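Some notes on the structure that comes next.
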Amino acid sequence: VGSGAAGLIAALSLTDVGIAPLVLERDKIPRGSTGLSSGMIPACGTNIQAQKGIEDSIELLTSDIVNKAKGQVNLELVDAICRTSGPTIDWLVDTHAIELTLVEGFVYPGHSRLRMHAPPSRQGIDLISNLTLAAEKTEIDILTEAHVKNLYREGNKIIGIGIERPDGSKEKIGCEVLILACNGFGGNQEMVKQYIPDMAKAIYFGHPGNQGDAINWGKILDAQMENLGSFQGHGSVAHPHGILITWALMTEGGIQVNSAGKRFTNEHEGYSEQAVRVIAQKQSSAWNIYDHRLHELGLEFEEYREANKLGAVKTASTIEELAGILHISPAGLVSTIKECEDFSSGKQKDVLQRDFTSKPPLQAPYYSIQVTGALFHTQGGLTVNGCAQVLQKNSEPFPNLLASGGAANGISGPADWGYLSGNGLLSAVTLGRIAGQTSARLVKH
């Protein structure tokens, strides 16, 4: 159920071993949350990394994920995902000709190696398009505009599903194994209010079809669920343009300020937790402040180029002039830039505990984008084991029910601060692969 990255990768895994899956998609065209992402998949020990001379390991990626989530993660699941990540990337590239390249030039917050694999465009729409093309080449049946409304079971075994078409017609379809690869509940305002109240008024930057179906089915089945308050936010969405602005501007030397021209957080802690902090500022707004060096970096990303075309990017030759354009405090911004220069030279230490010494100070001309915080994806869901099997309340797996992507509990701990860059697609891609392989074993045996 679902034809995002998780669902299509599970289907491709089944097809590879001679099993014909049926993919059910609610929308007219397969896109899902993957299509709205930047398409970046963290993975370790890949051939692509080896070609670039990057030494990475399961242990390093595991450590980065666990540290970011402060140890509050399912270690069995993290281990399974990390072990599967590298071989999955290699399989996608070598077997199904999915074009992926290593994102170079900067290391994303919390990662200790260059390990982001993405389409050359750095856009998820190209990733999902390539996966869809691979599915077509292998003759996978994708039934679109098929909204799954019901699950049917005998005891703890799922025996089929009920779908509804746009014309109101209904159909029942039997199954040997069911993989829930649909996403979370970010598009369900009532569920967001219930489980993530801090983001109830935030812009939702995800797929509107993320209505929490898997969670609701889990309740009916009396399945285990975890970390429903966990989510991926983003503290850098151009406002009012609604365009994601790469966090690389912050990691490589930029800062965020409020209307008083003052920094209010350590920007290097991560873009997910920054969403709540930006929303807490006046008018739920902040301003990214950076320079021409970082503007050039931003232009490597399609979304930034689009924001620039639409006039979201402002520039000025002096800080005072920039503050005037932004309608924020000139004195506050001048003082903040001076402080950051002192942090960079080592004259002062940042009370917000960011290390400025590894990047050059900002220099004229200066640039800025007004941004707000947004909710991207929920990270909690059905509890799964290392084989992607959904667990019952007694911790025994359902005999033929699996989950991946946003339907499954992720690896980001209980809240926004546990989200390591790329965790969403990492879980979707690798759990999709694991779910496909587990399903193949269940069908054959």
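Could you please rank ARG165, ARG115, ARG83, placing first whichever residue has the fewest other Cβ atoms within 10 Å of its Cβ?
Sorted ascending by nearby Cβ count, the order is ARG165, ARG83, ARG115.
Given the rule -39500 (n - 2.57) for each run of at least 4 DSSP H residues, summed and divided by the residues of the chain, what is its mean residue ellipticity at 222 nm, to the nearest 500 deg cm²/dmol?
-10500 deg cm²/dmol
What's the angle, to the nearest 10 degrees (0 to 90), between helix 423-444's Cα axis and the longest principal axis of the chain?
Taking the Cα atoms of the chain, the angle to 423-444 is about 10 degrees.
Just to confirm the number: angle between the C-alpha axis of helix 124-137 and the first principal axis of the chain, 0 to 90 degrees, nearest 10?
20
May I ask for the net charge around ILE163, where only other residues with Cβ less than 14 Å from the Cβ of ILE163 are counted and Lys, Arg are +1 while Asp, Glu are -1?
For residues surrounding ILE163, the net value is -3.
By a straight-distance test (C-alpha under 16 Å), which lysines pair with LYS282 as possible cross-link partners, with residues fewer than eight away in the same chain excluded?
Output for LYS282: LYS201, LYS262.
List, largest first, the extents of the alpha carbons of the stretch 316-437 along their principal axes, each in whole Å.
Rounded to whole Å, the extents work out to 65, 30, 24 Å.
Would you please put 68-76, 45-53 in order of how densely packed they are, using the mean number of other Cβ atoms within 10 angstrom per residue and starting with the highest?
My ranking of the peptides, most packed first, is 68-76, 45-53.
Dividing the convex hull volume of the alpha carbon atoms of the stretch 232-374 by its residue count, what do you get in Å³ per residue?
Spread over its residues, the Cα hull of the stretch 232-374 gives 95 Å³ apiece.
Fewest first, what order do LYS157, LYS193, LYS28 take by the number of other Cβ atoms within 10 Å?
LYS28, LYS193, LYS157
Could you estimate the translational diffusion coefficient of the stretch 5-50 from the Stokes-Einstein equation, with Rh from the Kirkwood formula over C-alpha pairs, at 25 °C and 0.890 mPa s, in whole µm²/s?
Result for D is 190 µm²/s.
How many Lys pairs in the stretch 322-414 lie less than 29 angstrom apart by Cα atoms, where the lysines are 8 or more positions apart or on different chains?
5
Round to the nearest 10 and give me the degree value, 0 to 90, for the angle of helix 75-96's Cα axis relative to the longest principal axis of the chain.
Between the helix axis and the principal axis of the chain, the angle is about 80 degrees.
Could you work out the percent of alpha carbon pairs in the stretch 141-241 separated by over 20 Å, rounded to a whole number?
Value for the stretch 141-241: 49 percent of Cα pairs lie more than 20 Å apart.
In whole percent, what relative contact order does the stretch 232-374 give with Cα contacts below 8 Å and a gap of six or more residues?
Normalised by residue count, the contact order of the stretch 232-374 is 38 percent.
Read-outs: derived from the displayed coordinates by stated rules, not from any lab. Values in this document were obtained by computation on a predicted structure and should not be read as measured data. Reconstructed Cβ throughout: ideal geometry from the backbone, glycine too, with neighbour counts over all protein chains shown.
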